[in-house]
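Accompanying notes for the structure given below.
The values are calculated or read from the model by the stated rules, or taken from the named source; none is laboratory data. The shown structure was predicted, so the numbers you read here are calculated from the model rather than taken from an experiment. FYI the Cβ positions are ideal-geometry reconstructions off the backbone, even for glycines, and counts take in every protein chain you see. For accessibility, only protein heavy atoms count, side chains too; no ligands or nucleic acids. Shrake-Rupley method; radii C 1.70, N 1.55, O 1.52, S 1.80 Å.
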Amino acid sequence: MGNEKYTYVPFEALWQLEKDSFIGMGVPDEDAKICADVLFEADKRGIDSHGVGRLFMYYARVRRGQQKATTKITVEREKAGTARLAADNGMGQPVSHKAMQMAIDKAKKCGIGMVTVGESNHYGIAGYYSLMASEQGCIGITGTNARPSIAPTWSVEPMLGTNPLTIAFPTDYKPTGGHWFADHATSITQRGKIEWYARLNKPAPKGWVINSSGENPTDTNQILKDMLAKNAALTPLGGSGEELGGYKGYNYATFVEVLSAGLCSANFLQNCLGFHYEGETQVFDPYRLGHFFIAVDIEAFEDLNTFTKTSGEILRSCANAKKQPGADHIYVAGEKEYTTILEREKTGIPLSEATQLQLLEMMDELKMDKSNYPIKWTVEYSGKADAQGW
């Protein structure tokens, strides 16, 4: 992190800035609230790779006409427990919110509900949608494909997206805030974290990335350029090769890719790149991503109170297991994020200087008055910010 300076923004101020920014892009008010909610869920939980740091990405894509600010949702197929939606190349968050709520409503009737979405775009933090289900007494599962970033085992070429497989369920285990919450990419890390590290001029740990020469580079700014040129890729969970189980991450990423694309005619693999070249000119294409949402009504199988006690006992037992030498705490999925919420309620949400510059560029172009937001900017915007290939 070095000499990086931050400013800290109160919760309400940051959410308002995010909402107003989406409205400025042309997103309808109700959809803008959902988009802001999804980003803010990441901000307050400390998942900084998918919070306000991604706002400029959406702006850049809408500004150049790569995706639409309005989301026309079509129900293409539907049965009692399932549905398939299309988003007409609109915002990923509003259609995903609708899809998960449909899955929850269907689960309440059928026990299990599943809804897929095609013709979509980046939908933000995947855990937002699984938490929607958990908050309504369901087990929530969601996944999405994305720009090609992961190299298959024994390959150096980015083929699969970071393809998160995200799960949440309710529990009476208090340190997680009442939810077990696992939101992970199927790669060792996600592209968003590389982008975040690049904004901080921080190197990536060796092994996160493999380049076309089979090396493990650490320069995050160069990595982003090489990934766009298909000269570098993220390694799957477990890393390169098979020794540490990298094939497991590769397999899970493939499963998410197939469910995301195969059940709703979305783009897949290299077709999700988002651009092509005509001679020396880069031409941007719609991503046409796919997502899936699954809700399991716990009451269809067990009383909710009994389930939360059982899950809580499992989590407490794991947290109280014998610790390895030097360890002072065993965490449960969602615990660190919930602790961060409590901390950031007091301190505010940190904005790096690089993120501030991107926000100020966007606000300048959208004619937004920065004095409307109680943010102590630590930088002065005087030209183009680094869009990191967005």
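Of note:
- Selection from N320, G143, L366, by position along the positive dipole direction of the chain (Cβ): N320
- Annotation: peptides 268-275, 106-113, 290-297, 353-360, ranked by per-residue average of other Cβ atoms within 10 Å with the highest first, follow the order 290-297, 353-360, 106-113, 268-275.
- Ordering S317, S311 by accessible surface, largest first, gives S317, S311; the 1.4 Å probe counts only protein heavy atoms, with every chain in place.
- Distance violations [Cα-Cα > 22 Å] among K33/K174; K33/K68; K5/K346: K33/K174
- Of all aspartates and glutamates in the structure, those lying under 14 Å Cα to Cα from K370, and not within fewer than 8 positions of it along the same chain, are E18, D20, E361, E380.
- Cα-based shape type of the chain, given that a ≥ b ≥ c are square roots of the gyration tensor eigenvalues and the cut on a/c is 1.5: rounded
- Potential extension, K336-F284 segment - 0.36 nm per residue separation minus Cα distance: 15.0 nm
- Unit charges at the beta carbon, dipole of the chain: most positive-side option, A182, T310, A198: T310
- Three-way shape label, the range 1-126, alpha-carbon gyration tensor, a/c 1.5: prolate
- A simple charge model with +1 on the Cβ of Lys and Arg, -1 on the Cβ of Asp and Glu and nothing else charged puts the dipole of the chain at about 200 debye relative to its Cα centre.
- Pairs beyond 21 Å (Cα-Cα), from K72/K98; K98/K309; K336/K376: K98/K309; K336/K376
- Qualifying aspartates and glutamates (Cα of each under 16 Å from Cα of K202; at least 8 residues distant if same chain): E4, D48, D219, E353, D386
- Solvent exposure of the chain, expressed per residue, is 44 Å² of accessible area, with all protein chains present and a 1.4 angstrom probe.
- Cα gyration tensor shape for the range 317-385, rounded if a/c is under 1.5, else prolate or oblate: prolate
- Per-residue 3J(HN,Hα) values for the range 319-329, derived from phi via the Karplus relation 6.51 cos²θ - 1.76 cosθ + 1.60 with θ = phi - 60°, read 5, 9, 5, 4, 8, 6, x, x, 8, 10, 7 Hz in sequence order (x marks Gly and Pro).
- Of C272, T340, P152, farthest towards positive along the dipole that unit charges on Lys, Arg, Asp, Glu beta carbons give the chain: P152
- When the range 1-68 is reduced to its Cα atoms, the Kirkwood hydrodynamic radius in Å: 12.6 Å
- Burial ranking of peptide ranges 252-262, 140-150, 49-59 (average Cβ count within 10 Å, highest at the top): 140-150, 49-59, 252-262
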